[in-house]
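Okay, so here's the structure we're looking at.
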Amino acid sequence: MAKIASFSEATYIALHCMVLIAENGGERMSVKDMASKLSVSESHLAKVIMKLSHAGLLDTTRGPGGGAVLGRSPEEISFLEIVECIEGPIETPKCVFGRSSCVYGSCIFQGFLCGLVRDAGDWLSGRSLADFIDAGVKGERL
């Protein structure tokens, strides 16, 4: 099946990990516990957590009693910030062939790809970790 849009596995891990930590109410969570709850590799999760920590999205402590907590409040962390931490900045698509002008005179996608990226960016930037936690408590979907 073709995928119109997707992220790397690391980004999906980052988003789920951040929500899991946000739901934990300020208590530190170990990589081992998170990996178990998310059913992901501890080593892959550790690399993702390191990126999130370097970006200031997580505060991490090593050793016994260590783990990760949010670096800022859930209201201040958007899904877009998490995605861009792992994937890099979202870019508006150019010609899929890298050309400066289209062989057809105008792009056959007629702005569809640009609109898709713009709408995805708007959706991600309009969602914070707090929104997800609030929706989860109420049984709603984002």
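A few notes on this one:
- Sparse-neighbourhood loop sites, GluC sites (Glu not before Pro) in region 1-108 - DSSP loop, at most 13 other Cβ within 10 angstrom: Glu27, Glu91
- Trypsin sites (Lys or Arg not before Pro) within region 44-142, DSSP loop, no more than 11 other Cβ atoms inside 10 Å: Arg62, Arg99, Arg141
- Mean separation of Cα pairs under 8 Å and 6 or more residues apart, divided by the residue count, gives the chain a relative contact order of 26 percent.
- Close Lys pairs in the chain (alpha-carbon distance under 25 Å; sequence gap of 8 or more, or different chains): 6.
- Each of (i) 168; (ii) 141; (iii) 150 is a candidate for volume of the Cα convex hull per residue in Å³; the one calculated from this structure is (ii).
- In a reduced charge model with +1 at each Lys and Arg Cβ and -1 at each Asp and Glu Cβ, the chain shows a dipole moment near 420 debye about its Cα centre.
- Sequence-separation-based contact order of region 1-64, relative, with Cα cut under 8 Å and 6+ spacing, percent: 30 percent
- The base-10 log of I(q)/I(0) for region 84-127, evaluated at q = 0.15, 0.28, 0.29 Å⁻¹, reads -0.47, -1.03, -1.07 [Debye formula, identical scatterers on Cα atoms, solvent excluded].
- Residues Val117 and Met50, FRET efficiency given R0 of 22 Å [Cβ-Cβ distance, rounded to 0.05]: 0.20
Read the figures in this text as sums done on the coordinates, not as results from a lab. Just so you know, these numbers come straight off a predicted model, no measurement behind them. FYI the Cβ positions are ideal-geometry reconstructions off the backbone, even for glycines, and counts take in every protein chain you see.
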